[in-house]
Amino acid sequence: MEAFQGVSPHRPLNENGNEIRIIKLLPNVFNAPVECELEHITLEPGADYEAVSYCWGDASITASILLNGTPYPITFNLFSGLRYLRREDLPRRLWVDSLCINQKGIAERSREILKMRDIYKLARSVLIWLGDYHPFSRLHVSVRPLPYMKNAETSPNLICGDLILPFAHLRAVDEYWVNNTEDQRIGLPPICPSLARMNAIWYGHHNIISGEEDSTLAQRLAWLLALVAGRFYATDQRDIVYAILGLLDADPLPPELLPDYTKSLTEVLIDCASFIIAESRILTILQYNSIQTEGLPSWVPDWRHDSWCPIVPAAKPHSSTHIRILRDTGALEVDIIVLTEVSQIGPRLAQCDINPIGWCDFFLEAEESLARKQPPVWGYSSFGTALWQLLLAFDLSRQDLHEPGWHLGAAEHVPPFFFWEGGSLQEYEAARGIQSVTIEDILTALQATIPQKFLFRSVDGSIGIMCQPDVEPHQGDLVCTIIGSYADFVLREYSDGYKIIGRCERSKRGNLAIGDLGLHRWAGTTHLYASYEEFWTSSDGDRIFIY
């Protein structure tokens, strides 16, 4: 965002008290210039202000308002929100983070972000600005709250354009849009992500409040970061970590978690991961790593993507979990059980540049290899069946990110490519020119399920999907489970240890295949935890360093 130039209109706050700033949004008609005045108030019960939650939007697109009579740049999304929130007859007293916190004052930002929990808690009301989405009208949300949403009168208000809707209606709105995707009046693509983000916050806040006594700070922090961080974006990524810390009921915070904007993002993320792992021994956070983030050890999450192995707020670590953090080398010592190695990598599933011939070779070689170990049943391709089961299980395990019931329709429409009428592999290979059209159709379906991800085969005949986009395994990479992580990972040799390339979803867990259990049991959390714990207990592990 364009930096403010000149003398800041923000007077210093009392550092030792509960003083905060609010803005007084002056009344005017919709299209008039936006004018605000800064006020200092005491943060206490009964304080007269409303707290605004919003997405900053594109920081490069700004508009100017008058703040204490001084031109002041803000993001266009906030500018649009203030115009809708402004009244024509009376001023409105609001707390807006980018205006009420001096963004140039590093020490002030570090202090004030810890007050966010109380700022939202003590506000007269909370206003959640979703954006100026014109298709989102009263006609499209003529629904009532679901029966379990009984606090509509005290919930925050969703604001979208000139529509105001209680937060308690959120799930009803989300369901209505998902179930009415044929209705062309509904602006599903642009608004649905905002609803999903708000839903995540509501769900997270509800569960954190109800479970604070049963979980530790490290457990709650890991759970909220996993739930929320991948769904939101910030101009300064440190803000996401610090904002979540501000919402947790922890006083005082451990020294390593105190907001400090003199630290780099790398230092903040390392301190956060080290605290979570050391205090809770929760290794499920390793699935949020990103090998593409330069400067971070591969075991440190950057929290920028969604994953699917759930972090349970009050879960106890498995008894076999071993961790040791070596600060001097930046390594994490853990125990792993090696499962197999990567033997072949399929082309990346991109939105363009489809290579049917390359995929045809990948499919046929995989079929030939797997058919030796598992002959085709009832004419179905052994590899095709395993791949389709993996895709369905992959989607089932993350169905909160997709339209409900997708897997039911998919199960009824197995692509023709996955049905092999018998005969020799040579006969099948000779017909692949005819099948190439079908392959293109299949690749389109694969892209819809696992876009920008890599498929790979392993030495043990299993098929794997890299869960993170654009993360490519290499032939010879280890496929293992890290004891305590409840997931499979691809590791690559580095120095005297390994780097985590990324989490993978495979058609096998230990000696079990998806078909041995059925899709729903395979994708369910209960079986996920039980199968890994049984495998860890019955297998010998190796102690390694992860850098």
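The values are calculated or read from the model by the stated rules, or taken from the named source; none is laboratory data. The shown structure was predicted, so the numbers you read here are calculated from the model rather than taken from an experiment. When we count neighbours, we look across all protein chains shown, and the Cβ atoms used for this are built from the backbone with ideal geometry, even at glycine. Heads up: the accessible areas ignore ligands, DNA and RNA and are worked out on the full protein's heavy atoms, side chains in. Shrake-Rupley method; radii C 1.70, N 1.55, O 1.52, S 1.80 Å.
Residues of the stretch 215-268 that are among the aromatic types (Phe, Trp, Tyr) and in contact with a Leu (Cβ under 9 Å, 6 or more places away or on another chain): TYR242 alone.
Yes/no per residue for (1) among the hydroxyl-bearing types (Ser, Thr, Tyr); (2) outside any helix (DSSP H, G or I); (3) touching a helix residue (DSSP H, G or I) at 6+ places or on another chain (Cβ under 6 Å):
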site: VAL490; (1), (2), (3): no, yes, no
site: ILE501; (1), (2), (3): no, yes, no
site: TRP522; (1), (2), (3): no, no, yes
site: THR526; (1), (2), (3): yes, no, no
site: ALA530; (1), (2), (3): no, no, no
site: GLU533; (1), (2), (3): no, no, no
site: ASP540; (1), (2), (3): no, yes, no
site: ARG543; (1), (2), (3): no, yes, no
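Considering only residues in the stretch 233-260 that are of a type in the set (Ser, Thr, Tyr) and open to solvent by 80 Å² or more (accessible area, probe 1.4 Å), the one that is modelled with the lowest pLDDT turns out to be TYR233. One residue alone among LEU26, LEU78 is surrounded by 14 or more Cβ atoms within 10 Å (Cβ to Cβ) and at pLDDT 95 or above, and that residue is LEU26. The residue list ASP542, ASP488 contains one member that is modelled with pLDDT of 90 or more, of a type in the set (D, E, K, R) and surrounded by 22 or more Cβ atoms within 10 Å (Cβ to Cβ), which is ASP488. Scanning the stretch 35-50 turns up one or more residues that are open to solvent by 80 Å² or more (accessible area, probe 1.4 Å), charged (D, E, K, R) and out of contact with any strand residue (DSSP E or B) (no Cβ under 9 Å at 6 or more places or on another chain).
Screening the candidates GLU279, GLU256 for the property of being charged (D, E, K, R), farther than 21 Å from LYS115 by Cα, in contact (Cβ under 8 Å) with a residue 12 or more places away in the chain and in a helix (DSSP H, G or I) yields one hit, GLU279. Restricting attention to the stretch 320-340 and to residues that are assigned to a loop (DSSP other than H, G, I, E, B) and within 28 Å of SER538 (Cβ to Cβ), the residue that is farthest from the chain's Cα centre (by Cα) turns out to be SER320. Within the stretch 450-462, residues that are without any contact (Cβ under 8 Å) to a residue 12 or more places away in the chain reach no partner that is in a loop (DSSP other than H, G, I, E, B) and open to solvent by 10 Å² or more (accessible area, probe 1.4 Å) with beta carbons closer than 8 Å at six or more positions or on different chains. Of all residues assigned to the stretch 306-315, none qualifies as being at pLDDT 75 or above, assigned to a loop (DSSP other than H, G, I, E, B), over 30 Å from SER538 (Cα atoms) and within 28 Å of the chain's Cα centre (by Cα).
Of the helices (runs of 4 or more DSSP H) lying entirely inside the stretch 47-132, those containing at least 1 residues that are closer than 18 Å to ALA234 by Cβ and touching a helix residue (DSSP H, G or I) at 6+ places or on another chain (Cβ under 6 Å) span 116-122. Just name the residue that is modelled with the lowest pLDDT out of those in the stretch 6-23 that are surrounded by 12 or more Cβ atoms within 10 Å (Cβ to Cβ) and in a loop (DSSP other than H, G, I, E, B). Only one residue tops the list, namely SER8.
In the stretch 463-488, the residue that is farthest from ARG324 (Cα to Cα) out of those that are in a loop (DSSP other than H, G, I, E, B) and among the β-branched types (Val, Ile, Thr) is VAL471.
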